[in-house]
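Each remark here refers to the structure printed beneath this line.
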Amino acid sequence: MRVPLRGNPRGISRRVESFQPALILSDYTLPDFDGMTALQLAQEHLPEVPFILVTGSINEETAVACMKAGATDYVLKDHIQRLGGAVVSGVEQSLVRRQRREAEEALQEKMRELQRFHDVTVGRELAMIELKKEVNALLVAAGRAAKYVIVE
């Protein structure tokens, strides 16, 4: 699906938020702003979506700046045959990042669950020790032998 984005960046931001693309292809030279601004908008609103710049010409400094800013790849129009591979690679990278993020979230939830269980278990164990101490004290007060050995 192609969604042409023209206008000021603020208006584009609203349109981008309502559309959830699997991939963003952007020309570096756009009518109303440049590819770096488009990349910044994508990073702000859709950080997990692969962003590929397509350009007629780009110098090495600009390419490096785009990659550091979060672009997945860039393709020169003179080498447009690279686009298919860049798209496949970008989508695969996005999938791996999403799976890793989901695994990390699941791990964090399990760690919280384990901590809650630990807190409850340790709390019960400490309460049980105190109860045994009280029972021992009452047994001794009643002239009987202590029943529980408590190691501290």
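A simple count of charges around A63, restricted to other residues whose Cβ falls under 15 Å of its Cβ and scoring Lys, Arg +1 and Asp, Glu -1, yields -3.
Taking 14 Å as the straight-line reach from the Cα of K68, the aspartates and glutamates in range (excluding those fewer than 8 positions away in the same chain) are E60. Within the same chain, aspartates and glutamates fewer than 8 places from K132 are excluded, and of the rest, those with a Cα less than 18 Å from its Cα are E152. Once amide H atoms are placed 1.01 Å from N in the peptide plane, what residues at a sequence separation of 5 or more from V75, or on another chain, have their amide H within under 5 Å of its amide H? Under 5 Å from the amide H of V75 lie the amide H atoms of L53, V54, T55, each far enough along the sequence or on another chain.
In straight-distance terms, cross-link reach from K147 covers every one of the aspartates and glutamates whose alpha-carbon lies under 13 Å from its own, apart from those fewer than eight places away in the same chain; here that gives E134.
Please pull out the direction-averaged projected area of the chain, using the convex hull of its alpha-carbon atoms, in nm² to one decimal place. If you wrap the Cα atoms of the chain in a convex hull and average its projections, you get 15.7 nm². Over the chain, Cα pairs under 8 Å with separation of 6+ residues give a relative contact order of 16 percent.
Mean residue ellipticity at 222 nm, helices only, the chain: -20500 deg cm²/dmol; runs of at least 4 DSSP H residues each add -39,500 (n - 2.57), and the sum is divided by the number of residues.
Computed from the coordinates by the stated procedures, all read-outs in this text should not be read as laboratory data. Since the model is a prediction, treat every value here as computed from it, not as a measurement. Methodologically, a virtual Cβ is constructed for each residue, glycine included, from the backbone with ideal geometry; neighbour enumeration extends over all protein chains shown.
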